[in-house]
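Everything below concerns the one structure shown next.
The values are calculated or read from the model by the stated rules, or taken from the named source; none is laboratory data. These numbers were taken from a predicted model, which means no experiment stands behind them. Don't worry about glycine lacking a Cβ; one is built from the backbone with ideal geometry, like all the others, and counts go over all protein chains shown. The accessibility values were calculated without ligands, DNA or RNA, using every heavy atom of the protein model including side chains. Shrake-Rupley method; radii C 1.70, N 1.55, O 1.52, S 1.80 Å.
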Amino acid sequence: MTEAILAPVASLGRAVLLALAAIGRIAIFAAQVLGHLLRPPFYAREFGLALLQIGWFSLPVVGMTAVFTGGALALQIYAGGARFSAESVVPSIVAIGMTRELGPVLGGLMVAARVASSIAAEIGTMKVTEQIDALTTLSTNPLKYLVVPRVLAATLAVPVLVAAGDSIGIMGGWLVGITRLDFNSATYLKNTADFLEAWDVGSGLVKGAVFGFIIALMGCYHGMHSGRGAQGVGAATKSAVVAASVLILAANYLLTELFFST
Amino acid sequence: MISIEGLHKAFGSNAVLRGVNLAVGRGESIVIIGGSGTGKSVLLKCILGLVRPDRGRITVDGAPATVPASDAMLAHFGMLFQGGALFDSLPVWQNVAFRLLRGSLKRPKDEARAIAIEKLRRVGLGATVADLFPAELSGGMQKRVGLARAIAADPQIIFIDEPTAGLDPIMAGVINELIREIVVEMGATAMTITHDMSSVRAIADSVAMLHDGVIRWSGPIAELDMTPDPYVQQFIHGRAEGPIAAIR
Ligand SMILES: Nc1ncnc2c1ncn2[C@@H]1O[C@H](COP(=O)(O)OP(=O)(O)O)[C@@H](O)[C@H]1O
Ligand SMILES: [Mg+2]
């Protein structure tokens, strides 16, 4: 009888313990990566390639996401503003919404889908085909050679992507504003520039750096701990994207609390 | 050169190694035989510090092996992995010269490339493959490149995991012969693991049989056929009946 009552509690407890253990392992992994970041050798070529892969090749995805989001945002804010005859807030709210929240969060999620998956699949495949073991026997630390360049590249590249996404998103809002909502182009731009503060943009870039770190860390962690065989790599890829996305949203909430709650 | 005492390793409830004892002399070419899944690869990985043993002592050249292995130790090692384990993002020559392009053995690029091409020639590959990528090579060529990478820094100890797995018998014969030649000419200590008897006869000075987590039999190659040990006899003749269970 008591067993039947306690069984759900026990399984809940087990789940919590497993989750805590996973968080602990990821924290240890992150600490190791940061430790290696500070000690030579540094693999410049790997870093350059990672920067290209993570930063440059993500631009189209982030740009597309931003332009459509900015446009939709303008339409919604116009419709909402019309209820208070406050249609003129469109430029400033679009700009603030893009730079503080939607630019970093949607950009981060898109990069997570694109990059965390590919990192996990690549490193996972290297793990199951013994390439990681081969690196070690060739006197090369896999954390330094594979993980550090990717984590560093993502941490630096995602803020730049966010900045690009912010500009493109604001441009999307402007485009919709002048073509569909009969705003005057010069007024729209002046309005945007007048209301936007440096910290609106700056806070979004800081978020971008944190998200970039999370994305690459999750891709690398799940790749390095991939199970055996094709199934193991598949599971690692899925876990990397899910973990990166959830952590981005959670970190976004915490950072928003930290930056903007009074 | 390599000595292993009382080595244990289990993965969860799967006790793979249960007290392995083995000594390998300098310059000796030992071949470890045993069925698939008996833990031959795990044994090599314990020595290389890629897998942490549960119990037991391993020394290489008198120094205890650590996890991960020290750079000083790894600098004298070369390993050919079962699937080749070539880095598919790098061209063949950079795979071969991997250690010569970074770390303590780093040297100018031209020199590293020249050494890589020389090692490729040694394993029977022309300079034209140097700029190809691993995915463009056949299985036999990948094995050769893996071997060239293993010997690139002139190691004192060479580990070879299943050199003939996935090769046709003719290619297997060629690779076996190549390994034998290279081991002899380099004077290196070699440890090869295989379940292929043709490799055993081509490569071994001495043979050890791993079964049920322990070294069941070991001795010079000349004594392999004469031993009355029923496990060894069943294995080398590939019989279905005998003390080794056919379903594992
Ligand atoms: N990293 C690992 N995690 C769990 N089990 C493993 C791992 N590596 C090897 N094993 C198990 O150990 C046993 C021996 O494997 P292995 O040494 O690869 O066999 P083989 O003799 O064919 O080389 C197998 O049952 C395998 O499933
Ligand atoms: Mg094996």
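Okay, here's what the table says:
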quantity	calculated
Any chance residue A:137 is within 14 Å of chain B (Cβ to nearest Cβ), hydroxyl-bearing (Ser, Thr, Tyr) and over 20 Å from residue A:66 (Cβ atoms)	yes
Spans of helices (runs of 4 or more DSSP H) in the stretch A:156-262 with at least 1 residues under 23 Å from the mean Cα position of the chain (by Cα) and aromatic (Phe, Trp, Tyr)	A:198-224, A:229-260
Residue check for residue A:124: assigned to a helix (DSSP H, G or I), over 14 Å from residue A:215 (Cα atoms) and within 18 Å of the chain's Cα centre (by Cα)	no
Any hit, the stretch A:205-228, residues being touching a Ser or Thr at 6+ places or on another chain (Cβ under 9 Å), open to solvent by 20 Å² or more (accessible area, probe 1.4 Å) and charged (D, E, K, R)	no
In the stretch B:18-56, the residues that are among the polar types (S, T, N, Q) and more than 10 Å from ligand 1 (Cβ to nearest atom)	B:21, B:29
Residue that is in contact with a helix residue (DSSP H, G or I) (Cβ under 6 Å, 6 or more places away or on another chain) and within 23 Å of residue A:246 (Cα to Cα), where the choices are A:64, A:98	A:98
Looking only at the stretch B:159-173, and only at residues there that are assigned to a helix (DSSP H, G or I) and open to solvent by 60 Å² or more (accessible area, probe 1.4 Å), the one that is farthest from ligand 1 (Cβ to nearest atom)	B:170
Count of residues meeting criterion [within 15 Å of ligand 1 (Cβ to nearest atom), out of contact with any Ser or Thr (no Cβ under 9 Å at 6 or more places or on another chain) and open to solvent by less than 40 Å² (accessible area, probe 1.4 Å)] in the stretch B:1-14	3
Given (1) surrounded by fewer than 16 Cβ atoms within 10 Å (Cβ to Cβ); (2) in contact with a strand residue (DSSP E or B) (Cβ under 8 Å, 6 or more places away or on another chain); (3) at negative phi, number of the condition residue B:42 does not satisfy	(1)
Elements of type helices (runs of 4 or more DSSP H) in the stretch B:2-116, at least 2 residues being within 16 Å of ligand 2 (Cβ to nearest atom) and more than 10 Å from every other protein chain (Cβ to nearest Cβ)	B:40-47
Single unsatisfied condition, residue B:149 versus (1) under 16 Å from the mean Cα position of the chain (by Cα); (2) part of a loop (DSSP other than H, G, I, E, B); (3) under 30 Å from residue A:42 (Cα atoms)	(2)
